Amino acid sequence: TDSITVGELAKRMGIKANELIRELMQQGSMVTINHPLDFDTAALLASEYNYEVENVAFDEATILEEVPVIKEGEEAPEDLRPRPPVVTVMGHVDHGKTSLLDAIRAANVTAGEAGGITQHIGAYYVELEGRKITFLDTPGHEAFTAMRARGAKATDIVILVVAADDGVMPQTREAINHAKAADVPIVVAINKIDKPDSNPERVKQELTEFGLVPEDWGGETIFAEVSAKQHINIDQLLEMVLLQAEVLELKANPGKRGRGIIVEARLDKGRGPVATVLVQEGTLHIGDPIVSGVHFGRVRSMVDDRGNRVDEAGPSMPVEVTGLSGVPDAGDLLYAVEDEKKAKDVAQHRQQKLREAELAKTSKISLDQLFAKI
Ligand code: GDP
Ligand code: MG
């Protein structure tokens, strides 16, 4: 029960399903009567028909559950544009994830740029001959699992880092399992090839056990042999990522209201709540009314990872956003909505549901305690 169909929502609001389908079409989604809508979409639609969201019957478990609104392939093809791949680096501790992210970034940010290379917003993009790649620069596994637990898919490609002198280790296996469960393709970066005791062939051999077979061994997995420390083959790795991305034919519609995922968020003394948002659909603009988790507001400012102020951010772009009323959780979705009242309605509805859920929990505990005493 994590969704409601178009037909059911129409029925509950006492309108014709066709009317709702037309409304959704105007918003850019082609759907049928049996199409499932997640809570956010349903709540926003309902408010467009002047329904208090409270009037729409959702069970509590549904309320805070967020799944991506529009699955790929459901958009009108003519609205879709290619978008950069979003990449997460995963692998065993000390195999060089941080070093690799640093090397990729250092190779791509020129000294003169506003933020230099020190600005850390939890995500950044690089450019290779005009083609962009977005990297999620968060503690890999946790962020990945947190987002997946919320049903959000934040990553298109996983770079699996394996140290050439150490081979497959427990967290390597864990990373492979995560990627497979999320159906995300893996590009293998065999790292530390500068070390005298490095043995890339052994790593390749070990990985075949997991179905990761290099192309020159007759398999389908793309491998690169790199040194994050000595900056060897970093560009080649990026080329491989772009090659993998081409196969995926990643597209999004930049022409609608923005929707993104919170990569990280914090409270800044001067600027208030600051959230790094990875835009996934549509385009986010300065001034857009937004809602994320139980917080709402308007986009007051947007800054990219290089410290440049931007007025808009399209699909796959990470930006630091200010203007929310509070600090959302990593993995929360952020929606631009029609007006601030709707943003507020949704946020307040969620706050209320959260309070109710907490109250229910407390009373359940005290009941349990009561029974325990009897
Ligand atoms: P993480 O735990 O996966 O983020 O690994 P780090 O990036 O923190 O690297 C762990 C250690 O390996 C550090 O001491 C790095 O300097 C070292 N290291 C990372 N990449 C390389 C490499 O390509 N060659 C060598 N020789 N050392 C590396
Ligand atoms: Mg690290």
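In the context of the full protein assembly, L212 retains an accessible surface of approximately 10 Å², using a probe radius of 1.4 Å and ignoring ligands and nucleic acids. Loop-located trypsin sites (Lys or Arg not before Pro) in region 233-273 (DSSP state other than H, G, I, E, B) with a sparse environment of at most 14 neighbouring Cβ atoms within 10 Å: K269, R271. The calculated P(r) of region 268-337, using every Cα pair and 5 Å bins from 0, goes 4, 19, 33, 29, 14, 2, 0 in percent. Under 5 Å from the amide H of Q280 lie the amide H atoms of R259, G260, I261, S316, each residue being 5 or more positions distant or on a separate chain, with H modelled from the backbone and absent for Pro and chain starts. Expressed in units of 2.2 N^0.38 Å, where N is the residue count, the Cα radius of gyration of region 170-255 is 1.20. A straight line joining the Cα centroids of region 307-354 and region 204-223 runs 41 Å. Put simply, when 351-360, 292-301, 274-283 are sorted by average Cβ atoms within 10 angstrom per residue, most first, you get 274-283, 292-301, 351-360. Computed from the C-beta positions of I15 and Q352 and an R0 of 35 Å, the FRET efficiency is 0.90 to the nearest 0.05.
Between A107 and N34, the simple spin-label model (points 7 angstrom out along Cα→Cβ) gives 4.8 nm. Database remark: amide H of I290 closer than 5 angstrom to the amide H of G297, R298, V299, V337 (H placed geometrically; neighbours at sequence offset of 5 or more, or on other chains; Pro and chain starts carry no H). Phi angles across region 347-353 convert, under the Karplus curve 6.51 cos²θ - 1.76 cosθ + 1.60 with θ = phi - 60°, into 3J(HN,Hα) values of 4, 5, 4, 5, 4, 4, 5 Hz, Gly and Pro given as x. Look at the alpha carbon pairs under 8 Å that are at least 6 residues apart: their mean separation over the length of region 193-292 gives a relative contact order of 17 percent.
The values are calculated or read from the model by the stated rules, or taken from the named source; none is laboratory data. On a predicted model such as this, the values are computed, not experimentally measured, just so you know. So basically every Cβ, Gly included, is an ideal-geometry build from the backbone, and we count neighbours across all protein chains shown. We work out accessible area using only protein heavy atoms, side chains counted, and drop any ligands, DNA or RNA first. Shrake-Rupley method; radii C 1.70, N 1.55, O 1.52, S 1.80 Å.
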